[in-house]
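Everything below concerns the one structure shown next.
Rule-based calculations on the coordinates, nothing more; no lab input. Small disclaimer: the values here were computed from a predicted structure and weren't measured. Backbone-built Cβ (ideal geometry, glycine too); neighbour counts: all protein chains shown.
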């Protein structure tokens with residue numbers, strides 16, 4: 001039997017999984033490598049961070065997701081580099097992995113715009129570990145306030161600043177406002193969680209820049225209605241332990257969360273020199289990388305400008321469609337055919353604000369408020385992986401909606417972790 | 001208004017919660033202190049450790065559980081000591097807490113019988129953090145085996161030793177066997193998880209010493225049926241990284257779990273000199289502690305011998321009934337009355353083995369097998385706190401039963417954490 005072509009996929013995110021699934025029909029052996037054993041449904045990470053869902057509700061083992069696929073293996077390993085001249089993927093502590101075709105969906109990490117020291121003070125939200133860190137900080141802030149005797153320090157402990165007004169920042173701010181005003185309301189004695197101050201800072205002229213102004217306005221109204229201070233057009237100049245500086249103003253806050261910058265995974269550097277300023281790998285129309293034969297880059301790590309002149313956004317739908325296209329192109333090449341260019345079909349944009357409001361933009365259809373929220377709920381349940389997860393999430397959302405409760409308010413690990 | 005008597009409860013476990021609830025009817029102010037913000041349903045911890053349930057399914061914030069109770073506050077703080085002469089509870093980093101009556105339900109921790117260095121190698125199962133540590137180790141063992149090329153080291157990675165044949169050890173061994181033989185079975189390529197070796201070691205003459213021999217035998221059969229090696233009457237003489245010594249024999253195993261010894265919380269030392277060899281505080285018939293006026297000790301920390309001549313076991317039912325009795329006695333003292341002695345009513349004993357077998361001992365009624373399992377399921381769902389938790393756990397168990405799947409196979413945090 002002739003040796004089958006070896007296809008390696010780096011990353012079990014939306015792009016990597018879509019590629020793996022599409023390769024089921026191709027005569028090849030697939031290896032998918034990730035540093036975590038699970039795929040995370042990133043659009044709902046903020047719900048884990050705000051104690052609405054358990055990590056297990058939004059994540060599934062990659063091995064389990066792909067269990068029915070023949071000729072595929074899953075490796076839990078950290079990719080330390082790519083040597084496209086030798087056609088191998090370098091793994092930490094293991095033998096290098098040779099490939100004939102490589103699909104790189106290594107994703108993105110936080111960017112602190114050159115201020116890497118801010119990361120310790122203002123954690124971001126990319127992995128389950130990040131979400132658990134944020135959850136611990138939020139819940140501990142209220143606990144410490146309850147034990148505090150100095151009113152000024154109590155106010156400090158109950159001030160939360162979220163930097164970045166994209167969907168993650170908006171959804172975090174809304175969920176946090178709801179916890180403080182509703183879920184925790186009657187459970188403290190020395191402090192009133194409802195008096196918590198929540199500030200959302202956006203450097204650009206408006207929150208949710210990807211949405212049309214009518215929907216942005218309705219999101220802004222919903223946030224203000226929940227008591228969130230929305231500050232637009234103000235840039236953060238300094239973050240230190242307990243304080244955020246915006247221009248001349250200094251905001252003192254115990255909890256600072258980062259939802260602003262995104263940077264490509266460092267692995268992209270091995271696929272240069274064609275990188276954009278955010279470190280993303282500039283790809284050809286068919287997602288191949290010039291100068292690196294057989295290497296495709298997909299998802300948040302790819303800079304694809306051939307469709308609109310600017311890079312496509314780092315969202316789940318772009319990643320899925322790219323993963324699928326790259327895999328189809330691998331299939332064509334294996335059969336001796338040609339690759340086809342990638343074309344993104346935009347299914348629309350959504351964001352949710354607190355308990356029962358959301359905005360959704362599907363081009364001609366724009367909805368907000370409760371209808372938007374129902375639609376948001378439907379779409380997110382639909383795309384979650386695993387029947388058990390869908391049922392469980394529906395159940396949690398239903399009880400949260402009816403009781404205003406957040407079911408997963410657990411502080412595990414010590415606060416410094 | 002005259003100042004109400006101050007009652008402090010240490011610990012939000014079964015004993016502490018039962019005491020807090022009973023005090024709702026007493027004219028006093030209650031403060032409950034715990035180092036965690038949540039109550040854990042400890043009998044199901046092993047299910048979190050074996051990826052069957054999420055931490056959020058078996059734990060609820062203490063604040064939320066007691067939210068409807070007036071004149072009660074919850075503090076998240078670490079109790080560093082008790083000064084019963086000054087009638088204060090000392091808190092780490094906060095002002096001491098004065099009390100008129102104190103109910104101490106600080107519980108138990110692992111005992112490594114003087115070998116504290118074993119704790120790093122062989123983690124036990126007392127808190128959610130413990131359970132997540134065990135889950136990470138188990139899952140990583142299979143992942144590392146998949147990446148390993150040396151067959152001998154693969155066998156080493158897939159060998160699991162559980163020290164201690166009480167209910168926790170038996171339930172862990174059964175659940176682990178099931179994961180390996182069923183849930184993971186078809187998802188690995190380089191190794192067959194079904195070939196994992198699982199050894200359960202009990203130093204005493206039999207596993208499950210608290211059960212009658214007929215039920216022990218049926219538990220033993222169920223374990224052997226799942227492929228667990230049950231070794232009884234052999235004492236562990238040494239544990240080091242990757243190996244357990246039992247007498248002259250050396251068992252090499254990547255994963256070693258500790259379910260053997262339990263020691264009273266160190267806080268008990270402040271309530272001496274009447275301590276038993278396990279460090280438990282010897283209590284009077286009414287649960288008061290001689291020489292420490294107004295101090296009651298309840299739950300796993302108490303050594304109560306007045307009923308049977310030997311200490312009552314460290315189980316949930318004893319803790320609940322003690323907490324309730326101590327609180328009732330506080331109520332009597334506040335009204336100028338007398339305390340009543342504690343009397344334990346034993347509702348029976350249960351343990352589950354793997355997927356659909358359990359044993360239950362209710363004195364005249366002894367059941368095992370599938371009937372025992374259904375009963376076990378019913379009782380555990382019944383005693384779980386919170387409507388949402390009950391539904392969620394039922395849902396997970398139903399899908400696990402139908403699909404053989406474990407829904408929470410997530411490896412979070414780095415392996416050394």
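State, to one decimal in nm², a quarter of the convex hull surface area for the C-alpha atoms of region A:1-120, i.e. the direction-averaged projected area.
With the hull built on Cα positions only, its mean projection is 9.8 nm².
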Hey, what angle do you get for helix A:387-403 against the long axis of chain A, alpha-carbon based, 0 to 90 degrees rounded to 10?
10 degrees
Average projection area in nm² (convex hull over Cα atoms of region B:163-215, one quarter of hull surface):
4.3 nm²
Once all Cα-Cα distances of region B:215-296 are split into 10 Å bins that start at 0, what whole-number percent is in each one?
14, 27, 22, 22, 15, 1
Relative contact order for chain B: what is it in percent, counting Cα pairs under 8 Å that are at least 6 residues apart?
20 percent
tail above 14 Å in the computed P(r) of region B:100-159, as % of all Cα-Cα pairs, reads 69 percent
Whole-angstrom gap from region B:259-273 to region B:73-115, using each part's C-alpha centre
12 Å
Copy-to-copy spacing for residue B:113, label 7 Å out on the Cα-to-C-beta vector, in nm, shortest first?
6.1
Counting each DSSP H run of 4 or more residues in chain A as -39500 (n - 2.57), what helix-only mean residue ellipticity at 222 nm follows after dividing by all residues, to the nearest 500 deg cm²/dmol?
-9500 deg cm²/dmol
Relative contact order for region B:255-392 using alpha-carbon pairs under 8 Å, separation at least 6, rounded to a whole percent?
13 percent
Hey, with R₀ at 22 Å, roughly what FRET efficiency would residue B:83 and residue B:340 work out to, going by the Cβ-Cβ distance, to 0.05?
0.20
Here the alpha-carbon Rg of the protein assembly as shown over 2.2 N^0.38 Å rounds to 1.00
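How high is the relative contact order of region A:113-260? Use alpha-carbon pairs under 8 Å, at least six apart in sequence, and give a whole percent. Walk me through the numbers on the way to the answer.
Values: 257 pairs, mean separation 46.4, N = 148.
Answer for region A:113-260 is 31 percent.
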Taking the rotation that carries A onto B, look along its axis and tell me which residue of A has the beta carbon nearest to it, distance in whole angstrom.
A:54, 2
Per residue of B:389-396, other chain Cβ atoms within 10 Å number on average 3
Least to most buried among A:334, A:381, B:162, A:65, by other C-beta atoms within 10 Å and fewest first, runs A:381, A:334, A:65, B:162
Report the Stokes-Einstein translational diffusion coefficient (µm² s⁻¹, integer) for chain B, Rh taken as the Kirkwood radius over Cα pairs, at 4 °C with viscosity 1.567 mPa s.
58 µm²/s
Between residue B:232 and residue B:382, what length comes free when the chain is fully extended (0.36 nm per residue of separation minus the Cα-Cα distance, one decimal in nm)?
50.7 nm
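Remind me, what semi-axes does region B:113-259 give for its equivalent ellipsoid, largest first in whole Å, using sqrt of 5 times each Cα gyration tensor eigenvalue?
23, 18, 15
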Taking each residue of A:121-134 in turn, how many C-beta atoms of other protein chains fall within 10 Å of its C-beta, and what is the average?
1
With springs only between Cα atoms under 10 Å, which of B:326, B:108, B:290 fluctuates most in a Gaussian network model of chain B?
B:290
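How would you rank B:163, B:281, going from fewest to most other Cβ atoms within 10 Å of each one's own Cβ?
With the fewest neighbours first, B:163, B:281 line up as B:163, B:281.
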